[in-house]
Amino acid sequence: MGLCKLGCVPWLLGILFLSSLELLCMADVHYYDFIVRESNFTRLCTTKSMLVVNDSYPGPEIRVHRGDTVFVNVHNHGSYGFTIHWHGVKQPRNPWSDGPEFVTQCPIQPGTNFTYQVILSDEIGTLWWHAHSDWTRGSVHGAFVILPAPHETYPFHPPDADQTIILESWYNDDYLELIRNSTLDGQAVGIPNAYAINGHLGDTYDCNDTIFRMEVNYQDTYLLRIINAAMNEEKFFSIANHTLIVVAQDASYVTRFATDYIMITPGQTMDVLVHANQNIGQYYMVMRNFHDSAASSNNNLTTAIFQYKNSVGGPRNNASLVSLPEPDDSNATSSFLSRIRNLRVRQNPPLRVPRAIHRRVYIAISTNSIPCTNDSVCITEERFVAALNNVSFVFPVIDILQAYYKRSINGVFTKDFPLEPPEYYNFTGDLTILNRNVTMGTKVVMLNYGEAVEIVFQATQFGAGGSHPFHLHGFSFYRVGSGSGNFNNVTDPKSYNLVDPPLINTVHVPASGWVALRFFANNPGVWFSHCHFERHSSWGMDTVFIVKNGGTKATSIRPPPASGMPVCSGA
């Protein structure tokens, strides 16, 4: 993944099957082929085979302009089924190509292919794509860069170049086997063996000789497109001796501010400017976990190099001296997040924060344990599950979208997800003596088209506690409030920011605290919502929002693709 000048030709970044003449005639439509198969990679003196796209880790970068349409033909040359999700793309009225397995489609089976139609609307900046089946996204992921439309400019002085920075988890074991074994024995997947920046583990791990280097020119300004693709870890990131200027988050511009570090949660993207204005040399780029739960964590520093051209090399400053908060520094996290505000510029969607709310959903997040079933070989008598309002999500064998759209398929889901916890208690207190019963089921939330919706996510102290990154497919939402302790629906809304809240698609829910989101349900379809800690999503920390059709064709779900959808084995 090399440094790409902003004028680079986007079709060089994917495998296109259009001629140059056709592309000139259809500049707003792009075609990519994703060949997904096993390839060998060596890290930490271990060689393993893992599923990747076009033999690359991370996968190929999609680079288009705002408002374009992208067709991606995914060929499964692997040994098991999977799906692809276009994280942060709203896909207006087009849930058929959103991708979460058994929610909007069934897996693309080995030896078959499926073409996704990715419809861009007002997204601008950096998003990403990843597999959405089990833990396959650990190796199947890549950047989705959305440049300004031809008639648009940046709301800041254009950078001299940009560079994608993908933060990743590295396991020596196979990703699919990790979650399969965990599901079988009822225990959590172990912590990663290492972490990576753009596929390279850096120089802080034994037996590793690859480090990512970003070569820069003195006095040039660079736009870093940072993506947290880690499986279960929120990240601090910094560059030694350099200031970061945050300009966008989750494909929406924010009011610019300078910082020594960023905190980015799994699923989020963040665009930052950095000015190469230091003495010519080599400087560490460093990341490490932000970790505030009782679960185990690997808090190693992971490094890359910010290298000035014509640098003679030589020793670099010690990575441990780079200014980063401590792994458990919740104050550093909340301080950073509080500075992110919506930017009122014409390049952003018009600011429309719902004020009169039609539908309120209050969701208590928990990790729980249930007795082992006969089909498991558990290490202990209980197995881990996770729940929202005491409901642990069960993936069906026929996707929910197909069942909802056809109307004739029954028994796939129920419309009774609880809109508030079934019982109120001190969510953030000592819960060791409480035994929350968990209901297993495929329960969804039904929303009317156009409703103004408020969701409050309440973290609890069940299990290991800690914070959670929550993602909602099909929408960007306004983060209007956040706080510690138990949410108070009388006093806490008085502190909401309804003036310039950030417009995002993945949100950090603070440990022992809450976060409030608002959006208009103006995208009809079936939309997944889940914790982006993969272990929690695998345990059932998920739900689905179904937005009903409006009264017109233009406010209704598009018909399914004429070529058909992947076939469900349970159909």
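The values are calculated or read from the model by the stated rules, or taken from the named source; none is laboratory data. Every value quoted in this text rests on a predicted model; they were computed, and no experiment measured them. Using ideal geometry, Cβ is built from the backbone for each residue, glycine included, and neighbour counts are taken over all protein chains shown. Note: areas computed on protein heavy atoms with side chains; ligands, DNA, RNA excluded. Shrake-Rupley method; radii C 1.70, N 1.55, O 1.52, S 1.80 Å.
Quick look at the numbers
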{"quantity": "Given charges at Cβ of Lys, Arg, Asp, Glu: the stretch 223-334 dipole, positive-most of 307, 251, 240", "calculated": "307"}
{"quantity": "HN-Hα J in Hz across the stretch 448-462 - Karplus 6.51, -1.76, 1.60, θ = phi - 60°, x for Gly and Pro", "calculated": "7, 4, x, 4, 8, 10, 10, 10, 10, 9, 10, 6, 10, 9, 5"}
{"quantity": "Selection from 74, 270, 413 lying farthest towards where the dipole of the chain points positive, charges on Cβ", "calculated": "413"}
{"quantity": "Label-to-label distance, nm, for residues given as residue 77 and residue 55 (7 Å Cα→Cβ offset)", "calculated": "0.8"}
{"quantity": "Leading residue at positive end of dipole, the stretch 157-349 (Cβ point charges), from 184, 283, 195", "calculated": "283"}
{"quantity": "Geometric extent, Cα atoms of the stretch 157-349 - Rg, Dmax (angstrom)", "calculated": "17.4, 55"}
{"quantity": "Scattering curve values for the chain, log₁₀ I(q)/I(0), Debye with Cα scatterers, q = 0.06, 0.10 Å⁻¹", "calculated": "-0.27, -0.82"}
{"quantity": "Ranked packing of 90-101, 347-358, most packed first, by mean Cβ within 10 Å", "calculated": "90-101, 347-358"}
{"quantity": "In order through the stretch 176-183: 3J(HN,Hα) via Karplus (6.51 cos²θ - 1.76 cosθ + 1.60), integer Hz, x for Gly, Pro", "calculated": "5, 5, 4, 6, 5, 5, 5, 5"}
{"quantity": "Debye intensity ratio I(q)/I(0), log10, the stretch 26-152, q values 0.12 Å⁻¹ (C-alpha model)", "calculated": "-0.44"}
{"quantity": "Estimated FRET transfer efficiency when R0 is 25 angstrom, pair residue 180-residue 42 (beta carbons, to 0.05)", "calculated": "0.60"}
{"quantity": "Solvent-accessible area, 1.4 Å probe, carbon plus sulfur percent, for the chain", "calculated": "50"}
{"quantity": "Amide H within-cut-off set for residue 55, under 5 Å, with H built and near neighbours excluded", "calculated": "37"}
{"quantity": "Built amide H within the under 5 Å cut-off of residue 172, gap 5+", "calculated": "193"}
{"quantity": "Cα→Cβ-extended label distance, 7 Å offset, between residue 446 and residue 416, nm", "calculated": "1.3"}
{"quantity": "Sequence ranges 409-419, 114-124, ranked by mean other-Cβ count within 10 angstrom, highest first", "calculated": "114-124, 409-419"}
{"quantity": "Two-decimal ratio, the stretch 147-240, of alpha-carbon radius of gyration to 2.2 N^0.38 Å", "calculated": "1.46"}
{"quantity": "Spacing of the two label points (7 Å from each Cα toward its C-beta) at residue 395 and residue 437, in nm", "calculated": "2.8"}
{"quantity": "Label zone at residue 424, where the point sits 7 Å out along the Cα-to-Cβ direction: the stretch 485-504 residues whose backbone N lies under 15 Å", "calculated": "486-493"}
{"quantity": "Dipole magnitude (debye, nearest 20) for the stretch 26-152, charges at Cβ of Lys, Arg, Asp, Glu", "calculated": "260"}
{"quantity": "Part-to-part distance (alpha-carbon centres) for the stretch 135-162 and the stretch 512-570, which is given in Å", "calculated": "24"}
{"quantity": "Estimated FRET transfer efficiency (residue 280, residue 256; beta-carbon r; R0 25 Å; 0.05)", "calculated": "0.40"}
{"quantity": "Total charge dipole magnitude, the stretch 479-571, about the Cα centre, Cβ charges on Lys, Arg, Asp, Glu only, Debye to nearest 20", "calculated": "280"}
{"quantity": "Lysines whose Cα lies under 28 Å from that of residue 406, excluding same-chain neighbours fewer than 8 positions away", "calculated": "90, 415, 443, 548, 553"}
{"quantity": "Amide H contacts under 5 Å for residue 556, placed H, 5+ residues apart", "calculated": "550"}
{"quantity": "For the stretch 157-349, share of DSSP beta bridges that run antiparallel, in % to the nearest 5", "calculated": "75"}
{"quantity": "Lys, Arg +1 and Asp, Glu -1 on Cβ, resulting dipole of the chain about Cα centre, debye, nearest 20", "calculated": "1600"}
{"quantity": "Under the Karplus curve 6.51 cos²θ - 1.76 cosθ + 1.60, θ = phi - 60°, whole-Hz ³J(HN,Hα) for the stretch 478-488, x wherever Gly or Pro sits", "calculated": "8, 8, 9, x, 7, x, 9, x, 7, 4, 10"}
{"quantity": "As computed over the stretch 344-449, the Cα convex hull volume per residue (Å³)", "calculated": "219"}
{"quantity": "Peptides ranked, highest mean first, by Cβ atoms within 10 Å: ranges 292-302, 141-151", "calculated": "141-151, 292-302"}
